[in-house]
Amino acid sequence: MAQRMQQGGRPGGARFAQFKLVLLGESAVGKSSLVLRFVKDQFDDYRESTIGAAFLTQTLALDDQTTVKFEIWDTAGQERYKSLAPMYYRNANCAVVVYDITQASSLDKAKAWVKELQRQANENIVIALAGNKADLVAEQPDKRAVPVADAEAYAKEANLLFFETSAKTAENVKELFTAIAKKLPIEQASQRGMRGAGGRPGGVDLGRREDAGTAGGAGGCQC
Amino acid sequence: MANPGSEDDTPTIKMDEPESRADGDGVSGLEQSREMTPPPLPPRPTTANLGLLDDRPTTADMGSLKLPKRTSRPHLQSQATTALSLTDIQIQSRGESASINSSPVSRDPSQKRSISRFGRFVNSSEDDSASTRSYAPTLDVPYDNVSMLGDEPSPAWKALNSQLDIDESLQLDEAFEDPLSERITLEFDDLEVRAGNGSNETVLLDQWSAKLKHFFVLSASGKPVYSRHGDDHLVSHYVGVAQTLISFYQGANDPLKTFTAGDTRFVMLAKGPLNLVAVSKIGESEAQLRNQLESLYMQVLSTLSLPSLEKIFSNRPSTDLRRPLQGTDVLLDGLSDGFTRGSPSTLLSSLECLRLRKTHRRIINDSLLKVRSPDLLYGLIVAAGRLVSVVRPKKHSLHPGDLHLIFNMLFEAGSVKAGGGENWIPLCLPGFNNTGFLYMYVSFLSPAEAAAVASSPVTAERPRTASDTEHTPSSDDLAIVFISPNKDAFYSLRSMRDSLITSLAQSKMLAALAAAMDAGRAPCSSILPGGTPLKHFLYKSRGNVQFTMPSFEPHFAGPIARRKLMTLYAHLHEVVHVRNSHLKVLHAVSREATALAWVTPVFELYCVAGPGVARQTVTQAANKVVQWIRKEEERVFIIGGAVF
Ligand SMILES: Nc1nc2c(ncn2[C@@H]2O[C@H](COP(=O)(O)OP(=O)(O)O)[C@@H](O)[C@H]2O)c(=O)[nH]1
Ligand SMILES: [Mg+2]
């Protein structure tokens, strides 16, 4: 499928790390669609909006030796859930803040999320900005409401990774998650994870998970 | 939740000690009812029945007869859509029954398509020796020239049957040419997309008017909040009219509740800062539509909770509530469409359970209790849309209305299922507490996925979320639902899910569940062997607030046949609930069906047989159903559940 995974057992030098990722952004910009593309390599034209938050996992092989497992919180962008957001980003190692490049206001919303994350979330959180629905603009350039250069400049200034993506065509979706994975402290997290039960790679979780060190094996083998 | 009858707003007289009881066999005193003997004993309520849900009749209720006052029919101000309802205004109290009986009013014996009401049965839970008592025949009201299904049915029923009237031999399930039925199949289609220049306005309006059913939610100031069909532009005019009517009557201190115009019934419900309106052409009663509106209102509360709904409007009465409700249209649509399609669950305000061996259910309950997280308030296991098990604290029951909202969210609206992961959903369960939020963990698992979780619990890569998963979640999946008051409980409930699945796998209960799901509902003919005349039935256990039924196959497989069957059930239900008596047997005959409704404090039973089946035969078949239930009670119902 979409992700090339490590086959078979991991040789001695392999690294495995698990990270918590949260998606934020206005409702209908395509957060759930990006996750669905990343996790299942699917796209759905008629998607109902997320109720509450969805929790998914996906494993990504960075190279033969390195596997990263994302625990993904796909939040609903609606106002009424706003007060719950800290619960999802509190211990997040990384975040994808999404806007819709055909809706200028959605970038403002994204900027507000970035600000909140930088103030409230983990100090070392890796944040990526995703300008989604690139396919719409490829078809009809006049639909673009946010110039690439503007978003790029903002991302640089705020120290964010930046991609224009399309959940529909899969453009830059894997690239986005891979770039995030590469910026994460895999070495650190995997060593902590290897130290045995109770290890929490990268401070991943709110809850108790005793499995962190071994979790990659099963996933890696299933493709 | 309130019984779908109008018990809520109808004053009742309770009589705990009915005076004229006949012998326990339930037959004597019924000689005057010429056509049939009443069905015999309902099952004796067992003490083990106590528990799952709150809405069980109390012991006092069970032995009581509730009769509305003669004057208490506030809902039929305008012409009733069913002729029956008019006749039904004749309400008798104990004192009157004798006279009604002894001087039957202008009964026309040749009137074959009539409804007769027979003996009334009282079940006394305290009396072991005679669990059924029957009154002397209290009412055999002559519904002259009136039939539920035949000569003077509701306009909608008439319309549904307009084709059938031509050819008596047509069966319910052969009615696919019926033009109105076709409209039902179009009912759930979206309207055309509005053209930029408004050129298709007329088409839109036609499509809109062709809908058999509409629901509107408006704010008290008249702003549209929700409409099942049509955009704002299209509905604004109608919403305006509705709002004018509502405020006119409210101003006159005489809240408008319902009226009919031709085939169409309008029902209004004012709830705090909201007005809800139902418009139906499919012959539902006011009480049924009112219940549906209550349910929509509960969904709104479930999203916002009562205090925040009130705060929104007290801060700014002109608030556009659609913003705070954003994304919940699918839930309101799901409820609306369920009501339009007709579901036994909403009609009976109760849930269906997966039929399962008693010992299996006990093992599953024990597993739930064993792996219970301290964060857990309620837990549900749902298989193929049917309840398998419930775990709950002793002092809290699950409100059927809340369960309905949860089921709607999980199985009608696609979003949770389609997400393909686990979910963590804040929601208010208004029946539990309309002021606060709870948090719901939801996980859908196919049998294969469940097996994978079990084989390597916790550490397993969830197959659902792995990139190689081809499985699309379906309603055949197992749904694990855990509800907590603690918003941080996700991980603890998630690991409870893993432990539960592991435990169920070890005890081979996953396989048992898969088998039960595969088996599905049994057809009527296998539940009641020996050539039953029944094509379908609904049996509701009132105490457990659960119902059971056979498969819709083979007679009611299609959506049209199904809608017609549900319309028939709705009529039966309406008639037996129009008065608050717990004690009724109702027999209805039409060209296309013979039906029986039997209501006791313990159960409601609705049976449908083909046309021309003798009453005696239907009655015997109904007795067989009751016998079957008595035998199967602990398989088809969750009795008690897992309580901690
Ligand atoms: N053309 C296009 N549509 C998209 C894309 N991503 C999402 N959508 C659509 O945008 C709508 C909202 O998407 P959704 O993923 O639910 O947004 P969310 O509320 O942010 O989770 C859906 O109808 C999607 O089909 C994309 O990349 N291109
Ligand atoms: Mg979403």
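A few notes on this one:
- Test result for A:Q65, of a type in the set (S, T, N, Q) and either within 13 Å of ligand 1 (Cβ to nearest atom) or buried (at least 22 other Cβ atoms within 10 Å of the Cβ) (or both): no
- Complete set of residues in segment B:602-644 that are in contact with an Asp or Glu (Cβ under 6 Å, 6 or more places away or on another chain) and open to solvent by 30 Å² or more (accessible area, probe 1.4 Å): B:P611
- When A:N91, A:N124 are checked against the criterion of being away from ligand 1 (no atom under 14 Å from the Cβ), surrounded by fewer than 21 Cβ atoms within 10 Å (Cβ to Cβ) and within 13 Å of chain B (Cβ to nearest Cβ), A:N91 stands alone in meeting it.
- Test for B:E412: is it in contact (Cβ under 8 Å) with a residue 24 or more places away in the chain, surrounded by 20 or more Cβ atoms within 10 Å (Cβ to Cβ) and touching a Phe, Trp or Tyr at 6+ places or on another chain (Cβ under 7 Å): no
- Some residue of segment B:317-327 being away from chain A (no Cβ under 14 Å) and either open to solvent by less than 10 Å² (accessible area, probe 1.4 Å) or assigned to a helix (DSSP H, G or I) (or both): no
- Residue match in segment B:256-263 (condition: modelled with pLDDT under 90 and of a type in the set (S, T, N, Q)): yes
- The listed residue being at the interface with another protein chain (Cβ under 9 Å from one of its Cβ atoms) and at pLDDT below 60, out of B:V458, B:V442: B:V458
- From A:L84, A:L21, A:L56, A:L60, residue being within 14 Å of another protein chain (Cβ to nearest Cβ), touching a residue at least 12 places away in the same chain (Cβ under 8 Å) and touching a Cys at 6+ places or on another chain (Cβ under 9 Å): A:L21
- Residue that is within 16 Å of ligand 2 (Cβ to nearest atom) and away from every other protein chain (no Cβ under 14 Å), where the choices are A:T165, A:T102, A:T75, A:T169: A:T165
- Condition check for A:E139: more than 16 Å from ligand 2 (Cβ to nearest atom), under 24 Å from A:A181 (Cβ atoms) and charged (D, E, K, R): no
- Here A:D135 passes the criteria (1) within 11 Å of ligand 1 (Cβ to nearest atom); (2) in contact with a strand residue (DSSP E or B) (Cβ under 9 Å, 6 or more places away or on another chain); (3) outside any loop (DSSP other than H, G, I, E, B) except the one numbered (2).
- Hits in segment B:499-516 (condition: closer than 11 Å to B:V453 by Cβ and among the small types (G, A, S)): B:S499, B:A505
- Of the residues making up segment A:23-48, those that are on the phi > 0 side of the Ramachandran plot and within 8 Å of ligand 1 (Cβ to nearest atom) are A:G25, A:A28, A:G30.
- Screening B:N291 on (1) open to solvent by 30 Å² or more (accessible area, probe 1.4 Å); (2) over 22 Å from B:L335 (Cα atoms) shows it passes everything except condition (2).
- Qualifying residue in segment A:49-60 (condition: small (G, A, S), surrounded by 20 or more Cβ atoms within 10 Å (Cβ to Cβ) and near ligand 1 (Cβ under 6 Å from one of its atoms)): no
- Single residue of segment A:153-187 satisfying the filter (within 16 Å of ligand 1 (Cβ to nearest atom), open to solvent by less than 60 Å² (accessible area, probe 1.4 Å) and part of a loop (DSSP other than H, G, I, E, B)) that is nearest to A:A17 (Cα to Cα): A:N172
- Residue match in segment A:138-152 (condition: outside any helix (DSSP H, G or I), touching a residue at least 24 places away in the same chain (Cβ under 8 Å) and in contact with a Leu (Cβ under 6 Å, 6 or more places away or on another chain)): yes
- Residue among B:I364, B:I312, B:I381 that is open to solvent by less than 10 Å² (accessible area, probe 1.4 Å), closer than 30 Å to B:D488 by Cα and over 23 Å from the mean Cα position of the chain (by Cα): B:I364
- For segment A:24-38, taking the residues that are within 9 Å of ligand 2 (Cβ to nearest atom), among the aliphatic types (A, V, I, L, M) and within 12 Å of chain B (Cβ to nearest Cβ), the one that is farthest from A:A128 (Cα to Cα) is identified as A:A28.
- A count restricted to segment B:366-385 and to residues that are assigned to a strand (DSSP E or B) and modelled with pLDDT of 90 or more stands at 5.
- Residue check for A:P201: at pLDDT below 95 and within 14 Å of chain B (Cβ to nearest Cβ): yes
The values are calculated or read from the model by the stated rules, or taken from the named source; none is laboratory data. Being a predicted model, the structure only gives us computed values, none of them experimental. Note that we place each Cβ from the backbone using ideal geometry, even for glycine, and neighbour counts take in every protein chain shown. The area values use the complete protein model at the heavy-atom level, side chains included, leaving out ligands, DNA and RNA. Shrake-Rupley method; radii C 1.70, N 1.55, O 1.52, S 1.80 Å.
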